[in-house]
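The structure under discussion appears below in the form of structure tokens.
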Amino acid sequence: MYMHVLVLICRNYKGDVDMAEIDHFMPLLMQHEEEGLLCPVLSHGSVHFMWIKHSNLYLVATTNKNSNASLVYSFLYKLVEVFTEYFKELEEESIQDNFVVVYELLDELMDFGFPQTTDSKILQEYITQEGAKLEVAKSKVPTTVTNAVSWRSEGIKYKKNEVFIDVIESINVLVNANGSVMSSDIVGSIKLKTMLSGMPELRLGLNDRVLFALTGRDKGKTVTMEDVKFHQCVRLSRFESDRTISFIPPDGESELMSYRINTHVKPLIWIESIIEKFSHSRVEIMVKAKGQFKKQSVANNVEVRVPVPSDADSPKFKTSTGNAKYVPEKNMVVWTIKSFPGGKEFLMRAHFGLPSVENDELEGKPPITVKFEIPYFTVSGIQVRYMKIIEKSGYQALPWVRYITQSGDYQLRTNV
Amino acid sequence: MCDFPFFSLVCTGEIFELKAELNSDKKEKKKEAVKKVIASMTVGKDVSALFPDVVNCMQTDNLELKKLVYLYLMNYAKSQPDMAIMAVNTFVKDCEDPNPLIRALAVRTMGCIRVDKITEYLCEPLRKCLKDEDPYVRKTAAVCVAKLHDINAQLVEDQGFLDTLKDLISDSNPMVVANAVAALSEIAESHPNSNLLDLNPQTINKLLTALNECTEWGQIFILDCLANYTPRDDRESQSICERVTPRLSHANSAVVLSAVKVLMKFMEMLPKDLDYYGTLLKKLAPPLVTLLSAEPELQYVALRNINLIVQRRPEILKHEMKVFFVKYNDPIYVKLEKLDIMIRLASQANIAQVLAELKEYATEVDVDFVRKAVRAIGRCAIKVEQSAERCVSTLLDLIQTKVNYVVQEAIVVIKDIFRKYPNKYESVIATLCENLDSLDEPEARAAMIWIVGEYAERIDNADELLESFLEGFHDESTQVQLQLLTAIVKLFLKKPTETQELVQQVLSLATQDSDNPDLRDRGYIYWRLLSTDPVAAKEVVLAEKPLISEETDLIEPTLLEELICHIGTLASVYHKPPSAFVEGSRGVQHKRLPGSAGSGESADSPDTGSAAGVSEAPPAVIPSQGDLLGDLLNLDLTPPTTSGPPPAPSSGMQMGAMDLLGGGLDSLVGLLHAAMGAGFGAPPTAMPASFPPPVSGGLDDLFDLGGSVGMPMGAYSPPKSIWLPAMKAKGLEISGTFARRAGVIQMEMTLTNKAMSIMTDFAIQFNRNSFGLAPAGPLQVLTPVGPNQSIEVALPLSTVGPVMKMEPLTNLQVAVKNNIDVFYFSSQYPISMLFVEDGKMERQVFLATWKDIPNDNEAQFQIKDCHLNSDAASSKLQGSNVFTIAKRTVEGQDMLYQSMKLTNGIWVLAELRVQAGNPNYTVMSRLVFVLTCSGANHKDYKTESREV
């Protein structure tokens, strides 16, 4: 049903779509691109192409049935993930150099159009790049492949048992040109770096409001998570019934869970801008950035990106702190502030010349975007209350927790 | 690492070189040679000449080498079937290898070798592998059954593999269960009627248990399979929902969407007052919103599905408007979808915010997006009355930008706003007129002309404005020409003195100088109206128009129901039923939502929808004036995609039904007569003179039992006959038949190309006909038909097309076009095809109706030589939607009381008498016609005749 075509390599999992059909794909894509009607699904006759693009490669699945489209796209992205883990970069060369492994992987990842084992850590246990060397290890299927716990192998050993927990919150904000916040939400993610021996049972405690309500506890600050998504290791039905997050973690790095909080947050870095465009002569930009978070906290690596017309020239800047730089290929000014303490306010002025002949091409109105990172702080106030680690050998393990808040999709529309 | 320059092979003598290397004694050298072969194969070179040499390398203990050889086999076995047999032995051996990886590899590859000859050799190894101790082998073998089924379905059935596969659903390993489910679902897809998946509460329980343990992909297979199940009652439905909801927290978007599909479907069965129903609604919103932070392609799939969900259950996302606001860096396809959903969610509560956003979008640079944003503002005005004024002023602001396409789009939507709120916003006309010259798109020009004509009395220079358009009349598009004609006639009726010349000019342009039949027709109608009775003309042309409705772009409810059952799939992305884009999907069941508890609302068949439409219209034989006017005035202005009067099947149906009764009643009786009569063996005796000659393909055919003993009861479909001989159609031969499958009337055709050249670009059209049959979609001939090739197509038909009485009644005139020419033929469809699924009348209603029918509406005839007893006849007829309501036995004579309903809402009641033990089986029946005009108020027609 699906085949995977990288112009370089393809695998026909079912015989029902002619391999030559893919020849129609690129012309079709070009045609849609020209018409400005690009769409992730294209069809030619009875064949439907579902594609994604990764750097300069197209990953295309073809079908002539009413296939599950969301499964196809999930799988294609998974494919990118697995190949990237195997070859560092997924690009033309890495495929060509490793085509034997690629074929082996494609065989394990999917059979007759049904995705199979897609966990790269497990795949690495029996499909390796150095074929000859690992002949012995390869001669048996890791039980993990078909285990109920298909994400962790048995017999992992560490001298020191530790688990690192990163709580990362990204702020998405959309602010209107007149300064009102159109939408804002927090997308949080809890990442683990697990260095634990054996098959440990973990339980994570958060200050989850629903849990506190369930257990009748009411002290302290709690957080309402709007929607929670878990790594497949978490027992979903357990969470559904009593909000307990219990799991056997995958080894190494993984994203344990993500959540979304819909509360209205004050934008942590507030931007006021005045952009005045005097046709045929100049553009004047004044941007004020204000840190709307606790004084004790500091935002690092702040970048305020201000759009400028594509035909602007001769930039001049003045900043009260940090550095402003004109990036002509992106038509923007990037104002960088290494360290931005809470409660402070900074200013940047920019002046550009405009050519006397007007550019008659219409330009979009890109928003101002902001990037930042605030360590030791979560906007939502979410906290890891405990991480219990139980393994039958009874070792003591230490959990380490780090918090960080960063910008996500942080856009402020402008008037010009 | 492999640092061999595998992809640099070019030399032509390489085959010989490779051959030598493949036969080398050194293992390493062999392996590298095979790698080179595969590399050449990958870049598309033909290395099939090396087949025997590569296959010789198959017997090796090196796994990597084995995999490569297998890969080679999969590619070339088909082109070298005789040689492929050489590989069989190794497969058999490998399936018994102590290493499960090799066993699985062998069984996986086996299924990919699509050579008929060798499949039978593979059955034994497969059987063993299905029972293998290692789950990795079992899960691979499960998939192999599906592969084998694809090559040779009969073999798989004969070998009992399907039962083994069913047993695997109870396997202890969740991955095996998941693959077995996937394989069975795949097989079931090609066998729509087989009860392969035999879902019952026990298997459902097993699936739900496996759901908690298998991989993300396995969860998708299981959820997709669950979605096909129909719970017995609301309690079972609730308990399944409870066990599926945790999946909404899965990180994989595809798992979430499949879970949403199951929940949306099973929710139908929950009573709305149940607490759990409300809880479930609340639980659905957050995961749907989170899907919007996935990768853009997944977002797109999610948005297309949300569009369906919002139409079915608007309450789920009504508070989530903000998440659909467009981001600057969204890809265009995501932007357009978000806009669509924003309009669907627009309400009085959030309209201010929505409008502010839309205005922002309308000043963007992407033309398609901007146009859609402007259109969206118009739709908001029509949808939320309180916002209309704000919308109009926003549109005026946009017109001031003078951006050409913004202005044109704005004028098109303002015209719609005028239609919805007449005499309210004419003050803006002056501004609109200023922009007259910049309009270069037909739709905008037509809209502007409509506005000028409609408000001609308030525009001082209306005549000048319209006259300016008249100069280039013949260069305008039809849409503009028609509109100009109507507008000038309106102007004339409003200001007769100054515009006489103008109207004459346009009428002569339209009637004498134009070769467009629509334009000529409309011109003549106006001309005659104006010349015979100007007062009547005024009444007709200037009559008040019906207001346009707000939501004309909604997906038709039955289609929506079907699409909800396909959430997450391509069908939900295209918003088309799978039958519209999957070849060979005819006979595949259209999925339907289960009926809700207590109320049977969604259990209604599509036909009731149109019947209900009939019942709402007043029972008038002449179409009401409004309809006619609507016809005359608004035909072109309002394409169905924007807002305009919805097509009125109801009035069409009404007329059609009446028409049939007016003159067609007796022929309908005749048809039924012929139907019940002729085919029993001998032609019906005692045929009343007024009946047309028996038409083949009536009810009689339903009794045709030949060879169908033991077959499941299904609607009767006559064998295909030749409709269009190749002689008459430049080599195109069409044979076909009609069938009713799963509630859908289908025209099944075989197109055969008997000419020398390729035929492409097929299209089909029907003439108006007695029951409003019309193609429900375009003719799906997706590949060109080569010489001496035939192709099977199934065209689903709807019954909402235009109606005209035909002689004979079931005559259908068809035009088929291809790249060569247009051809016409006519065929007759069996009346039984029109019997709808819900034609079973309540007993009481039947009784009451039967009595109420006047005597002159009854007909009677006899059927001879029917070798069926009454029960067999009854169940046979039921297969064709002729329902037995009651049975009575009087003196050894069985009397069956039956009802059936035609697609246009006409009920037919019948009494069927079967004399048991009579060698010359006589069946007598009595027909009654009932036309349901409105709920309780029957207008009955009854024909009666004596027993024969």
Averaged over A:96-107, number of beta-carbon atoms from partner chains that fall within 10 Å: 5
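Please average, across the residues of B:243-250, the number of beta carbons from any other chain that are within 10 Å of each residue's own beta carbon, and give a whole number.
Values: counts 2, 0, 3, 9, 3, 5, 12, 6.
The mean count of partner-chain Cβ atoms within 10 Å per residue comes to 5.
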Pairwise label distance in nanometres, B:D61 with A:I404, each label 7 Å out on the Cα-Cβ vector: 5.0
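Rounded to the nearest 500, what is chain A's calculated 222 nm mean residue ellipticity when only DSSP H runs of at least 4 contribute -39500 (n - 2.57) each, over all residues? Walk me through the intermediate numbers first.
On the way: 8 runs with 71 residues, N = 416.
Roughly -5000 deg cm²/dmol at 222 nm, from the helical runs in chain A.
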Principal axis dimensions, region B:441-532 - Cα atoms, whole angstrom, descending: 36, 33, 18
Spatial separation of Cα centroids for region B:176-229 and region B:798-850, in angstrom: 39
Sequence ranges B:379-388, B:24-33, B:339-348, ranked by mean other-Cβ count within 10 angstrom, highest first: B:379-388, B:339-348, B:24-33
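How do B:V890, A:V228 stack up against each other in accessible area, from largest to smallest, with a 1.4 angstrom probe?
On the way: B:V890 55, A:V228 10 Å².
From most exposed to least exposed: B:V890, A:V228.
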Anchor B:K19: aspartates and glutamates whose Cα lies under 18 Å away (excluding residues fewer than 8 positions away in-chain): B:E28, B:E32, B:D46, B:D53
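Run through region A:386-416 and list the trypsin sites (Lys or Arg not before Pro) located in a DSSP loop whose Cβ has at most 14 other Cβ atoms within 10 Å. Don't skip to the answer; put the middle values down first.
Working: sites: A:K388, A:K392, A:R402, A:R413; in loops: A:K392, A:R413.
Listed in order of number, the matching sites are A:K392.
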Using θ = phi - 60° and Karplus 6.51 cos²θ - 1.76 cosθ + 1.60, couplings along region B:283-288 (whole Hz; Gly, Pro as x): 6, 6, 4, x, x, 5
Neighbouring partner chain Cβ atoms per residue of A:36-46, average, 10 Å criterion: 5
Solvent-accessible area of A:V298 with every protein chain in place, 1.4 Å probe, in Å² to the nearest 10: 50
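Test of understanding: what is the full-extension gain from B:A349 to B:L470, defined as 0.36 nm times their sequence separation minus their Cα-Cα distance? If you can, show how the numbers build up before the last one.
Working: separation 121, 0.36 × 121 = 43.56 nm, distance 4.58 nm.
Extending this stretch completely gives an extra 39.0 nm.
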B:N212-B:E28 FRET efficiency (beta carbon distance; Förster radius 41 Å; 0.05 resolution): 0.30
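If we sort B:837-846, A:253-262 on the protection proxy, mean other Cβ atoms within 10 Å, highest first, what's the order?
Values: B:837-846: 16.2, A:253-262: 19.7.
My ranking of the peptides, most packed first, is A:253-262, B:837-846.
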Inter-probe distance in nm under a simple model that places probes 7 Å from Cα toward Cβ, at B:V890 and B:E385: 5.8
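Rounded to the nearest 0.05, what FRET efficiency do B:A763 and B:S531 have when you use their Cβ-Cβ distance and R0 = 41 Å?
The value I calculate is 0.55.
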Those lysines that a straight Cα-Cα span of less than 27 Å connects to B:K495, excepting residues fewer than 8 apart in one chain: B:K415, B:K420, B:K424, B:K538, B:K545
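Which shape class, rounded, prolate or oblate, goes with chain A when its Cα gyration tensor gives a ≥ b ≥ c as root eigenvalues, a/c under 1.5 marks rounded, and past that a/b bigger than b/c marks prolate?
Details: a/c = 2.16, a/b = 1.21, b/c = 1.79.
Since a/c reaches 1.5 but b/c is at least a/b, the shape of chain A is classed as oblate.
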Relative contact order (percent, whole number), chain A, Cα cutoff 8 Å, 6+ residue spacing: 15
Computed label-point distance, nm, for sites B:Y421 and A:K365 using a 7 Å Cα→Cβ extension: 2.4
Directionally averaged projected area (convex hull, Cα atoms, region A:19-124), nm²: 7.1
Cβ crowding within 10 Å averaged over residues, with A:196-207, B:291-302 ranked highest first: B:291-302, A:196-207
Sequence-distant lysines (8 or more away, or on other chains) whose Cα lies within less than 28 Å of B:K817: A:K65, B:K576, B:K720, B:K728, B:K730, B:K754, B:K805
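The values are calculated or read from the model by the stated rules, or taken from the named source; none is laboratory data. The shown structure was predicted, so the numbers you read here are calculated from the model rather than taken from an experiment. Backbone-built Cβ (ideal geometry, glycine too); neighbour counts: all protein chains shown. Quick note on the areas: whole protein, heavy atoms, side chains included, nothing else; ligands and nucleic acids left out. Shrake-Rupley method; radii C 1.70, N 1.55, O 1.52, S 1.80 Å.
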